[in-house]
Amino acid sequence: MTSPRPFRTEVEIAQSLQKHAPFTTTTSSNDATNAVTLTSKMEEGVKVSFVVDLNDLYVSFDEDATTGGSSMLVPAGTGFFDDNFYVSSRISVINASAGNNGRIRGIVSGR
């Protein structure tokens with residue numbers, strides 16, 4: 001279960017993001033894998049950018065990725081970017097097609 005977004009003042013929102021967590025993860029099984037864990041790096045991620053290659057991946061924020069349900073399908077050779085975003089703990093991925101490993105590369109910025 002995701003935690004609620006903390007209340008932020010206008011001053012906090014206007015400040016630049018000083019914490020960054022770059023990541024590269026290649027899946028090695030057909031189980032959910034954490035691409036990046038943010039709990040030791042920042043309090044919250046508010047900007048994310050990543051690309052997927054080698055194989056389609058399902059991506060989930062703050063929970064285990066699944067092959068369907070609430071996970072987002074990201075086809076190989078494409079990516080995702082959002083600067084009005086909230087993630088508090090992790091980004092998880094799982095292969096969209098069993099037996100083929102995928103790779104995700106990106107960065108999360110936050111405070």
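A few notes on this one:
- Output for the range 53-71, where each listed residue is over 15 Å from Val108 (Cβ atoms) and among the aliphatic types (A, V, I, L, M): Leu54, Leu57, Ala65
- Tally of residues being of a type in the set (D, E, K, R) and within 15 Å of Ser70 (Cβ to Cβ) across the range 89-111: 1
- The set of residues in the range 1-30 being under 16 Å from the mean Cα position of the chain (by Cα), of a type outside the set (Phe, Trp, Tyr) and modelled with pLDDT of 70 or more consists of Lys19, His20, Ala21, Pro22, Thr24, Thr25, Thr26, Thr27.
- Flag if Phe23 is touching a residue at least 24 places away in the same chain (Cβ under 8 Å), surrounded by 14 or more Cβ atoms within 10 Å (Cβ to Cβ) and either assigned to a strand (DSSP E or B) or in contact with a Leu (Cβ under 9 Å, 6 or more places away or on another chain) (or both): yes
- Per-region count, the range 35-51, residues out of contact with any Gly (no Cβ under 6 Å at 6 or more places or on another chain) and farther than 16 Å from Arg111 by Cα: 1
The values are calculated or read from the model by the stated rules, or taken from the named source; none is laboratory data. Quantities reported herein were computed from a predicted structural model and do not represent experimental measurements. Methodologically, a virtual Cβ is constructed for each residue, glycine included, from the backbone with ideal geometry; neighbour enumeration extends over all protein chains shown.
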